[in-house]
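Engineer: Sharing a structure, written as structure tokens. Questions coming.
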Amino acid sequence: LQKLLILLQVATTVVVGKTLMILFPNAMRRYILKQGEKSRMNENPKFSYENWGPTFFSFKYLLFVLKVKWKRLEDEAYEGHPAPNTPVVTCSGEVRHLLDFMQGNRPLILNFGSCT
């Protein structure tokens, strides 16, 4: 049921967005560029609006947003419940699942960091 509601929400957003892009291209361009400022997409001079702007509200956009939102449904964690078994990528590039690393009933500790 949640996936159906997400499908309806995203499909409606795409249809409305695409319609507005056709009816009001300049206003939608300004709106999309403003969204790009929030994500810092506009800071790269080699990555102009013409490269990414028209992809908004396309069929590929619809599929991508659905994939991300549906995946997030599986990633919800609740206190006192088992951890979600989310996919992770090993240092060698192999895709595994988080709970593959469990050993018996020993606690699994995740350590995140970065090197510069």
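The values are calculated or read from the model by the stated rules, or taken from the named source; none is laboratory data. The model shown is predicted, which means the values in this text are computed figures rather than measured ones. Virtual Cβ from ideal backbone geometry, glycine too; neighbours counted across all protein chains shown. For accessibility, only protein heavy atoms count, side chains too; no ligands or nucleic acids. Shrake-Rupley method; radii C 1.70, N 1.55, O 1.52, S 1.80 Å.
Engineer: Taking segment 1-24, which residues are surrounded by fewer than 12 Cβ atoms within 10 Å (Cβ to Cβ) and without any contact (Cβ under 8 Å) to a residue 24 or more places away in the chain?
Structural biologist: Correct list: LEU1, LEU4, LEU5, LEU8, THR12, VAL16, ILE22, LEU23.
Engineer: What pairs come up if the first residue lies in segment 42-62 and is without any contact (Cβ under 8 Å) to a residue 12 or more places away in the chain, the second is open to solvent by less than 40 Å² (accessible area, probe 1.4 Å) and of a type in the set (Phe, Trp, Tyr), and their beta carbons are under 9 Å apart, counting only those six or more places apart or on different chains?
Structural biologist: Listed by first residue and then by second, the contacts come to ASN42/TYR49.
Engineer: Related question: Would you check if GLU76 is open to solvent by 90 Å² or more (accessible area, probe 1.4 Å) and among the charged types (D, E, K, R)?
Structural biologist: No, not satisfied.
Engineer: Another question, if that's okay. So, LYS60, is that one of a type in the set (D, E, K, R) and modelled with pLDDT under 90 or not?
Structural biologist: no
Engineer: Scan segment 91-103 and tell me whether some residue there is under 20 Å from the mean Cα position of the chain (by Cα), closer than 30 Å to MET21 by Cα and either free of Cβ contacts under 8 Å to residues at least 12 places away in the same chain or open to solvent by 100 Å² or more (accessible area, probe 1.4 Å) (or both).
Structural biologist: no
Engineer: In segment 43-57, what residues are open to solvent by less than 60 Å² (accessible area, probe 1.4 Å) and touching a helix residue (DSSP H, G or I) at 6+ places or on another chain (Cβ under 8 Å)?
Structural biologist: Scanning segment 43-57 gives TYR49, TRP52, GLY53, PHE56, PHE57.
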